[in-house]
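Data block below; observations after.
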Amino acid sequence: MFKMVSAMVRTLIAGNWKMNGLSSALSEIQIMRDQLAELAELADGADCLVCPPATLLSRVASVAGPRLRIGGQTCHREDSGAHTGDISATMLAEAGATYVIVGHSERRADHGETDLEVAAQLCAAQGAGLTPIVCVGESLPEREVGDALTVIGRQLQQSIPDVGQSGQNLVIAYEPIWAIGTGRVPTPEQIGEVHHHVRTFLTRRFPDHGAEIRILYGGSMTSKNARRILQVADVNGGLVGGASLRAEDFMAIYRTAIDPD
Ligand code: PEP
């Protein structure tokens, strides 16, 4: 269950700021930028990403510096056109993003996004040169009846196109819905079982490079539980919501990732 250090897969610690237009956003980003610069030698094996609300993207990107990556929280399947209120992957890239979260359970719940919609967003993201972070995860009732792996398998099958290069520039995040924002965290065994399942899917779908696609865990990750989670086999980083809003908390998780022992 617990891993040997994998030289192939760079850890990614990603923050999802959701719909929080922090008044302190730029100063939090500056603290992250400065700490990443100080940790640069140690941090050779780990990437750090923040996904702010779209309104903050370009300002955040302008102060983030060379080591903090910036991402969007969703993107439209189309590149431009009559889609009021939406934002395209190309627009995110123009604002300074290099990643985008797609299929977050809050998008699926609030906006009825289906796996097929997520697949279209993934293609749009990759087409614009962004790395999509595809979120999958089961609800509590689904886990309680023993359907977690089936649900996640279906989400993966349908939201990751079986074509061309779709696995070349891709991150998966396992986010059990019941763990998001609740303080409830699956056991290492539960996380390990799902991550193994995701890895098996990826290596079958992409025999050449499925072993190198990063699989993040997300759901109530904090600096207190990060070490235990990041030590699980096939956990290649974290997608962090609440604990990414303050630089101090987020960087504590990042430091755990670059020094996991
Ligand atoms: C999330 O929504 O992506 C998330 C992981 O949130 P939290 O860390 O707050 O549970």
**OP:** For Thr98, indicate whether it is surrounded by fewer than 22 Cβ atoms within 10 Å (Cβ to Cβ), within 19 Å of Trp17 (Cβ to Cβ) and among the polar types (S, T, N, Q).
**Re:** yes
Subject >> Enumeration of residues in the stretch 243-261 that are away from the ligand (no atom under 12 Å from the Cβ) and not in a loop (DSSP other than H, G, I, E, B) >> reply: Ala247, Glu248, Met251, Ala252, Tyr254, Arg255, Thr256, Ala257, Ile258
Original post:
Among the residues of the stretch 104-127, how many are open to solvent by 30 Å² or more (accessible area, probe 1.4 Å) and not basic (Lys, Arg)?
Top reply: 11
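Kindly indicate whether any position in the stretch 202-215 is part of a strand (DSSP E or B), in contact with a helix residue (DSSP H, G or I) (Cβ under 6 Å, 6 or more places away or on another chain) and under 23 Å from Asp259 (Cβ atoms).
Step one: list which residues in the stretch 202-215 are part of a strand (DSSP E or B), which gives 214-215.
Filter once more, so that each one left must be in contact with a helix residue (DSSP H, G or I) (Cβ under 6 Å, 6 or more places away or on another chain): 215.
With the extra rule that they be under 23 Å from Asp259 (Cβ atoms), the set shrinks to 215.
Yes: the stretch 202-215 contains one or more residues that are part of a strand (DSSP E or B), in contact with a helix residue (DSSP H, G or I) (Cβ under 6 Å, 6 or more places away or on another chain) and under 23 Å from Asp259 (Cβ atoms).
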Original post:
Could you list, in sequence order, the residues of the stretch 174-193 that are more than 9 Å from the ligand (Cβ to nearest atom) and under 20 Å from Arg108 (Cα atoms)?
Top reply: Tyr174, Pro176, Ile177, Trp178
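Would you say Arg199 is under 19 Å from Thr131 (Cα atoms), in a helix (DSSP H, G or I) and not acidic (Asp, Glu)?
Numbers: under 19 Å from Thr131 (Cα atoms): yes; in a helix (DSSP H, G or I): yes; not acidic (Asp, Glu): yes.
Taking the combined requirement at face value, the residue satisfies it.
For residues in the stretch 196-207 being open to solvent by less than 60 Å² (accessible area, probe 1.4 Å) and touching a residue at least 24 places away in the same chain (Cβ under 8 Å), which is nearest to the ligand (Cβ to nearest atom)?
Narrowing the stretch 196-207 to residues open to solvent by less than 60 Å² (accessible area, probe 1.4 Å): 198-203, 205-206.
Then drop every residue that is not touching a residue at least 24 places away in the same chain (Cβ under 8 Å), which leaves 198-199, 201-202, 205-206.
On the way: Val198: 16, Arg199: 20, Phe201: 21, Leu202: 20, Arg205: 24, Phe206: 24 Å.
Among them, the one singled out is Val198.
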Subject >> Single residue of Thr90, Thr11 found to be modelled with pLDDT of 95 or more and either under 15 Å from Ala257 (Cα atoms) or open to solvent by 60 Å² or more (accessible area, probe 1.4 Å) (or both) >> reply: Thr11
**OP:** Within the stretch 171-195, work out how many residues are more than 23 Å from Arg10 (Cα to Cα), free of Cβ contacts under 8 Å to residues at least 60 places away in the same chain and of a type in the set (Val, Ile, Thr).
**Re:** 3
**OP:** Looking only at the stretch 216-242, count how many residues are within 13 Å of the ligand (Cβ to nearest atom), open to solvent by 20 Å² or more (accessible area, probe 1.4 Å) and in a helix (DSSP H, G or I).
**Re:** 1
Original post:
Among the residues of the stretch 44-87, which ones are open to solvent by 10 Å² or more (accessible area, probe 1.4 Å), out of contact with any Ser or Thr (no Cβ under 8 Å at 6 or more places or on another chain) and within 17 Å of Met19 (Cα to Cα)?
Top reply: Pro53, Ala54, Thr55, Leu56, Ser58, Arg59, Gln73, Thr74, Gly85, Asp86
**OP:** Tell me which residues, restricted to the stretch 114-165, are closer than 21 Å to Ala89 by Cα, aliphatic (A, V, I, L, M) and more than 16 Å from the chain's Cα centre (by Cα).
**Re:** Leu116, Ala120, Ala124, Ala128, Val163
**OP:** Scan the stretch 61-89 and report the pairs whose first residue is in a loop (DSSP other than H, G, I, E, B) and whose second residue is open to solvent by 70 Å² or more (accessible area, probe 1.4 Å), with Cβ atoms within less than 6 Å and a gap of 6+ or a chain change.
**Re:** Ala64/Arg33; Gly65/Arg33
**OP:** Tell me, please, whether a residue that is open to solvent by less than 10 Å² (accessible area, probe 1.4 Å) and in contact with a helix residue (DSSP H, G or I) (Cβ under 9 Å, 6 or more places away or on another chain) can be found in the stretch 162-169.
**Re:** yes
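The values are calculated or read from the model by the stated rules, or taken from the named source; none is laboratory data. What you are looking at is a predicted structure, and each value in this text was computed from that prediction instead of being measured. Using ideal geometry, Cβ is built from the backbone for each residue, glycine included, and neighbour counts are taken over all protein chains shown. Protein only, heavy atoms only, side chains kept; ligands, DNA and RNA dropped before computing areas. Shrake-Rupley method; radii C 1.70, N 1.55, O 1.52, S 1.80 Å.
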